[in-house]
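Accompanying notes for the structure given below.
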Amino acid sequence: MRLTVMLATLALALTLALPALAESPPADNATSAPPAKGTRLSEVLVTATRHEARVDTVPNAVTVITREQIDKMVAPTTIDILKDAAGVEVYNARGFIGSSTYNRVIMRGMGATPARILVLLNGIPQTDAQQQTFEWSFINPRDIERIEVVRGPGSALYGAQAMGGVINIITRTPKEEKAETTLGASYGTFNTVRTDASHLRKDGKWGLYVSGSVGGTEGYSPTPKDAVRHSNGQPTNNLPIRQRNEWGRTQVSYDIDPSQTLTMGAMYGHFANHGGLNYMPEFLLFEMYRETGNIKYAKRFAGGELNAYLSAGYQSSGYDYQSTAGATYNKVKNYDSGAIMRDYLAGVNLSYDLGLGNTGTLGMDLQNLDYSRRNEYVTGDLNKSMGGKTNSLGLFAQDELKLFDGRVIIVPGIRWNYWESHDGYTQDRAIAAPGNGVTYYDHNIKQAFTSRIAVRYNATGWLSVRGAYGEAFRTPTLGEMYNVSSLASTTQGDPSLMPEYLKSKEIGVDLNPLDNLRLAATFYQSHVSNYIERTFVSAGPPTVYKYKNVSVVDVAGIETEAEYTFYEHWKALANYQHTDPKIMVGAYKGQRIAGTPLSVTTLGLEFNDPELFNARVVNRRVGKIFYGTDTTGNNNGPNATFGKYDVVDAKIAKAFLLSESRLGVSLECQNLFDVKTAETNSAWGPGRMIFLRTDWTF
């Protein structure tokens, strides 16, 4: 670790000290080199460098998903947008009724817990205080302008959560003097209904975007047939799960002058899932409320830009827990569980053209998380509770050196991470012990340096080669340390968990041999020490698991992508990724990490003609998904696999241009051939889903 930090620091110092090796760039860093063939390589993104940079000047494996592409996708929810992206695996065990527990994104084998993938919203980290999850259902796909995906460790810029990659969701903002309103509605399988509205306007220095949505579904039962329990010949746990949801979002911007903008945003979201248990139709499976507010400041000046943000969030969630004993199994509520989470974040970064091809970036991020949970039993003066807080600070520096007229790009970076946990406790009042069964945990402090150095060589206008070495550091979440909650199983926390450390290397190639053909491939290897995994302890009911450092995990993989446009209106796409995250030493040696598909293959075909219609068909093949780590040999142990399914999604859409408005109509189908899909032992996917949607914009 010290050696790599020293090397990265030396490289950073050399590139800052030797600008004479570089050619003088134009004033605009986003367009400093001649654009390569293909429109994608000239796209501008901000996530990879924390300032505007063109794709062909970034030595990262990146994907940019535009508004135009989103409109053509089979994507009733935001997480569906990522299913076709190269190098991205979406774990979506319960489909449209899943919460953050059942919906998560996996990159580079690092997504078995959501805390290893960092999600940004307009550049601001999105997290909760328990497991650092992101609730995908609180973002309407129609609010999104584009999504930037940067694969590979991003801790040198973004800190502890960016082990597998970074996803930046950038929402719509008014850019020109106009007002636009959109009203939308959809109806589909299981009586799934959604209505939404948005309004965008720009008036002088002021800009406004406001949107809201209300929806619900009668749902389905995700319980596999072999997991259905019976009492007196009647099922007890296969009632359909119903959902109701609503959310709203507001963003107001003010242009202080042509170079400075102040943006204020607020969001409210709520959803509730009921049902599941036949004897208790109103059983609360999960409910969440979240409110956030943020302020962003951006200033662009000759040769650079300054960005800063403040964000605060409040989140509450709860669920009921059923009896798991004897004749009352699944028939009686045992307790209800409620959690309160608060998150406060701030950050600032400055990028500046140092001259002669050098662009330096300096910044700082702050984070405070607060989490508490209480399980109240229905009978008796009994409860279990837990809580804790964490503070973190990150200081980072990065340099981008462009040599030989921008053909060679070298980007070293380094970050110092400071993290502390405090006020941690667990309580079990069912234990007759002094202090009502309260255990307090020590103040814990961890520090680490993470570094990254990446190189890109634009050999010709159609061929580029890139390589990188990167490190990542992840501290345990409050849930992993202190967890006492239960759903169908109990997962115990461990306050003594050590942080994870990752070292990764990759090499990739981008090719645009023709204007209408794009190819890319990336090979990577990662080595993780102190990997934290949810491990099996004992069979139930309830089944007991515990978070542990399972020692060393090695990951090797490949990501390939191809896109070809032909006959003017047609486009074909093909993505393949293979990853193999394996525990290398200790009691779990040879076992795969839970919840990560070993492979995903995507094949798609599009037809786009605005005068006729747009159509898209995508076939997605998901490989084996291993259930989890276990040394007992039980049937849900290391040899249990899920996944291994093929699904086809299809969509057809038509836009009608009226005199002063536009009417859009689309019909989309997920899982066209109604294939049974399972990504875990506790839930089947919903099968075929058909939606009819209309949007009126005026």
Kirkwood Rh and Cα Rg combined as Rg/Rh, segment 470-586: 1.19
Segment 244-348: radius of gyration over Cα atoms, expressed as a fraction of 2.2 N^0.38 Å: 1.68
Dipole-positive endmost among Ile124, Gly152, Tyr209 within segment 105-224 (Cβ charges, Cα centre): Gly152
Euclidean distance of C-alpha centroids, segment 642-671 and segment 443-470, integer Å: 38 Å
Leading residue at positive end of dipole, the chain (Cβ point charges), from Ser323, Met386, Ile97: Ser323
DSSP-assigned coil residues among trypsin sites (Lys or Arg not before Pro) in segment 86-186, each with at most 12 further Cβ atoms within 10 Å: Lys175, Lys178
Over 52 Å [Cα-Cα, the chain], rounded percent: 8 percent
Value at 222 nm in deg cm²/dmol, rounded to 500, when DSSP H runs of n ≥ 4 in the chain each add -39,500 (n - 2.57): -1500 deg cm²/dmol
For the chain: relative contact order, % (alpha-carbon pairs under 8 angstrom, 6 or more apart): 12 percent
Cross-link table Lys333/Lys676; Lys548/Lys582; Lys83/Lys296, entries beyond 22 Å C-alpha to C-alpha: Lys333/Lys676; Lys83/Lys296
Within the chain: Cβ-based charge dipole about Cα centre, in debye rounded to nearest 20 (Lys, Arg +1; Asp, Glu -1): 1120 debye
For segment 330-405 and segment 534-597, distance of Cα centres in Å: 24 Å
Flagged links, alpha-carbon separation over 19 Å, of Lys384/Lys546; Lys175/Lys299; Lys72/Lys571; Lys571/Lys651: none
Shape parameters for segment 50-185, alpha-carbon atoms, Rg then Dmax in Å: 15.0, 45
Helix 2-17 vs. the chain, principal-axis angle (Cα, 0 to 90°, nearest 10): 30 degrees
Given charges at beta-carbon only (K, R positive; D, E negative), |dipole| of segment 464-566 in Debye: 380 debye
Dipole magnitude of segment 79-191, debye to nearest 20 (Cβ charges: Lys/Arg +1, Asp/Glu -1, about Cα centre): 280 debye
Neighbour cut-off at most 10 other Cβ (10 Å), DSSP loop, chymotrypsin sites (Phe, Trp or Tyr not before Pro), segment 523-570: Tyr567
Loop-exposed GluC sites (Glu not before Pro) per DSSP, neighbour cap 15 Cβ within 10 angstrom, longest uninterrupted part of the chain: 283-567
Farthest toward positive dipole pole in the chain [+1 Lys/Arg, -1 Asp/Glu at C-beta], among Ser551, His199, Met73: Ser551
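Only the coordinates and a few stated rules stand behind these numbers; no lab work does. All figures in this text were calculated on a predicted structure; none of them were measured in a lab. Cβ atoms come from the backbone with ideal geometry, glycine included; neighbour counts cover every protein chain shown.
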